[in-house]
Each structure stands twice: as C-alpha cells, then as structure tokens.
Amino acid sequence: MARMDVQEERRRALRDLVTAKGFVRTSALAEEFGVSVMTVHRDLDALQSQGWLRKVRGGASSLPSTQFHGSVSERMTTMARTKHRLARAAAALLAPGQIVMLDDSTTCLSLARQMADHTPLTVITNSLPAVSALARESGISLIALGGTYFPAYDAFMGLHTAQSVESFRADVLFMSTTAVTGGRCYHMSPETVQVKRAMMASAARRVLLVDHTKFANQGLYALAPLTDFDLVLVDDAAPASEVRRLRESGVDVRTVEAPR
C-alpha cells in the first residue's frame, strides 16, 4: 500500500476512534496505531483543519464546545427547534422567482426543507444535504457549487468553490455562523470563510440566521461584521445586551419569538 494510502487509512481510523470515544489521549493513539507522538500530532492537525475533531491538552476530542461546533450529526440535533423557527422566519422572506443562495449551515438546511412552499425558486448552494433535500422538488431550479468536498461539513469548500460562487448573482443569501463576538462573525476554518465571503459578495441582499448559542461560541477566523448584513434574525433567547448593542451599531436585528 502506498504511503499516502496508509496515512489516509490511519487518519480515518483515528478519526473514528476519537468520534466513538469522545476523547482519546495522544499517547494512547500513538500506541494504538504504532506511530510516534509527533505523527499523531500531524494527523490531529490535519483532522482538526477538516473539522472532524479538536486538539486539546493531552489528546483529541470530538465533543462540541465553544471552540468546536461538532460533526454534522451533532449540529443537526443541537438547537433543532430554534433553528427550525429561524428558518421559518427566513422562509417568510422568500418570493417566488427569486435566486436564493444558501450556505452549508444546518440552520439553512432547515430553510431548504421549507422551500417547496415558496416555489418557483432558483437555489445555489455548496451544502450536499441541501442539494439532496431540493433535488426532487419540481419547483426548484438547483445549482450545486463544486470544489473540494469536506466530509466533516458535508459540503464543498475552498478556493474552487469560492471561484464557482463568483459565476453567479443571487437576489438573497441566507447563511449562519459559528460564533458572534464583538459584533463580528467567526468560523473555525479558512475554507469556510473563503466561500462565505464569496457568497456575500455575490448576493444583492444578505440575511444572517443566528441562534442564541452563537453568542457564547468562539471562532478563529473572522468573516465579517454584522453591519455587513441587511437583516439578522435571532431567537428570543439571544442576550438582550448583545441585541441592543447590535441595534445601536446600526444592525437591523429581528427577534423571532417562540410560540406561546
């Protein structure tokens, strides 16, 4: 077996082990796979950059935290009802005939699943689950953005995806973010930021969907200030002080109330 194949197979097995156990020590991983601790560190760096896990003191963890959003399956179940509410509020903004761009967030996946009631629409997205959800909808003209596939995000990311975005112009972009800190959006991978910046530049109107947990999260790479969005939808559990500060800075913030 070629060296690269051995490396990929080891990293896949390492990823599966950390995902299954939640946390594994670096020394245990080195012993398990018969490699040096330095090799394990390189493997973890690669897997962390792809969004599969996060390196922590003494090992690696797959558990969500303020710095790590978790896997797609983890994100699908986190704040599911709140994300559905935000998506429903976003769907109410749709108009038949629009060209709509969606990012790879699970909040926008919830929006994609509500689009059949607002057709006809043209939808542009890099999210594979959104493509799957919309592929059989007769009223949807679907454009899938290519590029490098990132399994941890279940989406296409990076330079080629960003270049693909530049070929289009959307009436409206719906997107979410990993974290909101100091009135700015942050993410954990540069490839994510690269694609989302291209999406923002290619849309006439930009709508950000943010559940209240994002105000407690942290991210490494800055995307944009919230003043760059035409509308920000937040749920009613968002910190009142944060919402007030955003409005004072000129952000159009709309609070989505929970059903009574």
inquiry  = Quick check on packing: order 118-125, 170-177, 239-246 by the mean number of other C-beta atoms within 10 Å, highest mean leading.
reply    = 170-177, 118-125, 239-246
inquiry  = Can you return the lysines within cross-link range of residue 55? Criterion is Cα-Cα under 24 Å, with same-chain partners fewer than 8 residues away left out.
reply    = 21, 214
task = Set the Förster radius R0 to 30 Å, insert the Cβ-Cβ distance between residue 92 and residue 149 as r into 1/(1 + (r/R0)^6), and round the FRET efficiency to 0.05.
result = 0.40
For the chain, accessible area per residue (1.4 Å probe, heavy atoms of protein chains only), Å² = 47
ask   = About its Cα centre, how strong a charge dipole does the chain have in debye, to the nearest 20, once Lys and Arg get +1 and Asp and Glu get -1 at the Cβ?
value = 420
message = What is the percent carbon and sulfur in the accessible area of segment 133-260, measuring with a 1.4 Å probe over the protein chains and ignoring ligands?
response = 47
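The values are calculated or read from the model by the stated rules, or taken from the named source; none is laboratory data. Nothing here was measured: the structure is a model prediction, and the numbers come from that model. Cβ sites come from the backbone with ideal geometry, for glycine too, and all protein chains shown count toward neighbours. Only protein heavy atoms, including side chains, enter the accessible area calculation; ligands, DNA and RNA are left aside. Shrake-Rupley method; radii C 1.70, N 1.55, O 1.52, S 1.80 Å.
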